[in-house]
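Undergrad: Mind looking over this structure? Questions follow.
Here, each number is a calculation from the coordinates, and none is a lab measurement. The structure displayed is predicted, hence computed values, not measured ones. Neighbour counts are summed over all protein chains in view; Cβ atoms, including those assigned to glycine, are modelled from backbone coordinates with ideal geometry.
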Amino acid sequence: MLGQHFVRIGAMTRGRTPYDARAAIENAEIVAALSRLPWSAFTPATEKISPGVKPELWTEQARFREQHEKMATESAKLLAAAKTQNLDNLKSAFASAAATCKSCHDAYRTN
């Protein structure tokens, strides 16, 4: 769900779909709320049941938690930017949030 709502904002920022301020806010609200949820699925207790995860995730929990906080922070900034109803603000915040997602995926995701 997080990815789907994030992609919708990205499509607007890239001009693939028309910019809709209301839809941007609605999607950013969902992204901000969901950005705090997935992390509980990636604790040492879930190591054996978490597919698609590199082994480093389990040995670098402090760094992983730092990535989580960055994602939550950038998601909040994305929501704030969406609420300005300014496409340039949204583009900038989206780029920062996307970089945070990519960084974590590159470090810890196998697929």
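Undergrad: Under 5 Å between amide hydrogens, which residues at least 5 positions from V53 or on another chain qualify, with H placed 1.01 Å from N in the peptide plane?
TA: The answer is T110.
Undergrad: Here's another thing I want to ask about it. Which entries in K48/K77; K48/K102; K48/K83 show an alpha-carbon gap greater than 31 Å?
TA: Going by Cα-Cα distance, K48/K77; K48/K83 fall outside the 31 Å limit.
Undergrad: Average projected area of the Cα convex hull of region 1-56, in nm²?
TA: 4.9 nm²
Undergrad: Does anyone have the angle between helix 61-83 and the longest principal axis of the chain? Alpha-carbon axes, 0 to 90°, nearest 10?
TA: It works out to around 10 degrees.
Undergrad: Order by neighbour count: V7, V31, V53, fewest other Cβ atoms within 10 Å first, most last.
TA: Listed from fewest to most nearby Cβ atoms, that is V7, V53, V31.
Undergrad: Between A62 and L34, what is the label-to-label distance in nm when each label sits 7 Å out along the Cα-to-Cβ direction?
TA: 3.2 nm
Undergrad: Would you mind telling me which residue in A97, A82, A33 has the biggest mean-square fluctuation in a Gaussian network model of the chain, where springs connect alpha carbons within a distance under 10 angstrom?
TA: In the Gaussian network model the winner is A33.
Undergrad: Kirkwood hydrodynamic radius, computed over distinct alpha-carbon pairs, for the chain: how many Å, to one decimal?
TA: With all distinct Cα pairs of the chain included, I get 14.5 Å.
Undergrad: On to the next question. Pulled fully out, how much extra length does the chain show between T73 and Q85, if you take 0.36 nm times their separation in residues and subtract their Cα-Cα distance?
TA: Here the segment from T73 to Q85 would lengthen by 2.4 nm.
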